[in-house]
Amino acid sequence: MIVRSCWWWWCLPEEGEVKINTDGASKGNSGKGGAGFIIRNSRGVVLRTSAIGLGTVTSYMAECVALVQGLATAASNGWEIAWLESDSSAAVTALCNDMIPWSLENVWKEAKKKMTKIRITRTWREANFSSDKLAKRGTMLPEGTMESNVGMPQYLHKIEVDNFVHADMHPGNILVRVAQSKPSRKRLFKSKPHVVFLDVGMTAELSKKDQINVLEFFKAVALRDGRSAAECTLKLSKQQKCPNPEAFIKEMEKSFSFWGTPEGDVVRPAECMQQLLEQVRRHKVNIDGNICTVMVTTLVLEGWQRKLDPDYDMMDTLKSLLFRVDLAESLFYTIEEVMAP
């Protein structure tokens, strides 16, 4: 059975249901296209994300591919109750009426056979941040390539859920384990690569209040909002002794204003954060030690992943996740429940 309705805000799916937010992108119409989708359960936990390279397609076709492939992925994982959501009214209308592009028809029919209930709705583009990012990622992939992840990146899970932050995160403590092509004995791990963090003897832990302040700080940096970033920074110590807070805020606004210009747009958000910390030193702004650990660890991981994949922007991903958080019930709920294991 297919339930057809229309929602205009982001809501969690029902118990036992998965929600599949999808988006398509095309650089031109037609042009090099990509599709993306993100699947969450009833607690908001991310189960799967995928970005797909489509080659030359129209925007409408990219939107349809995202919806169909999202449902097919849910069906292949045994999730029989699904809520498909897209910001494309044309694609939603087409699928609600089974008017599927012929090249996708067989995939759509096979996926539907495995489902007990499907609902298809439209959402605002502003409520579709994560899948939009995935679709744009897809435009950079070769045609026919699908880039998938199970759950959320590990660095976010450590900060958001475990409240456990590795306090000595340098390249020597980060390893990538890749399975041998012809193992001599039975393998303990699956064939996909594993990221391994070593030497966890040095750790940091944040209070609930500090968690919220750090999240708001990262959001301000990702948006390049100088005043908000400065105000958040001044809250990052229980005993703030900055001699001139207003001067610090004004200098931060000036720096961030430059970063928002075409000339400053080439500066990565992580580099903005580095310069912010230098201004923290000059203005004698106090930041608690555990919070400094979180910031430095984030900078180390950002530099590390940039070497592995220059096109992947960790801070941009963080921005998308935090703004999706704003559409959930509350920030406390998000810290404890939303991020994937």
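What distance in nm separates the two pseudo spin-label positions at CYS292 and VAL178, each 7 Å out from Cα along the beta-carbon direction?
Once both label points are built, they end up 3.8 nm from each other.
Would you mind calculating the gained length between GLU271 and GLU205 on full extension (0.36 nm times residue separation, minus the Cα-Cα distance), in nm to one decimal?
In short, 21.3 nm is gained.
Rank-order 116-122, 243-249 by packing density, defined as the average count of other C-beta atoms within 10 Å over each peptide's residues, highest first.
116-122, 243-249
For segment 2-151, I need the span (max minus min coordinate) of the C-alpha atoms along each principal axis, in Å, sorted largest to smallest.
Taking max minus min along each principal axis of the Cα atoms, segment 2-151 gives 38, 30, 28 Å.
A short reminder: the numbers here are calculations on the coordinates, not readings from a lab. Being a predicted model, the structure only gives us computed values, none of them experimental. Note: ideal-geometry Cβ built from the backbone for every residue, glycine included; neighbour counts use all protein chains shown.
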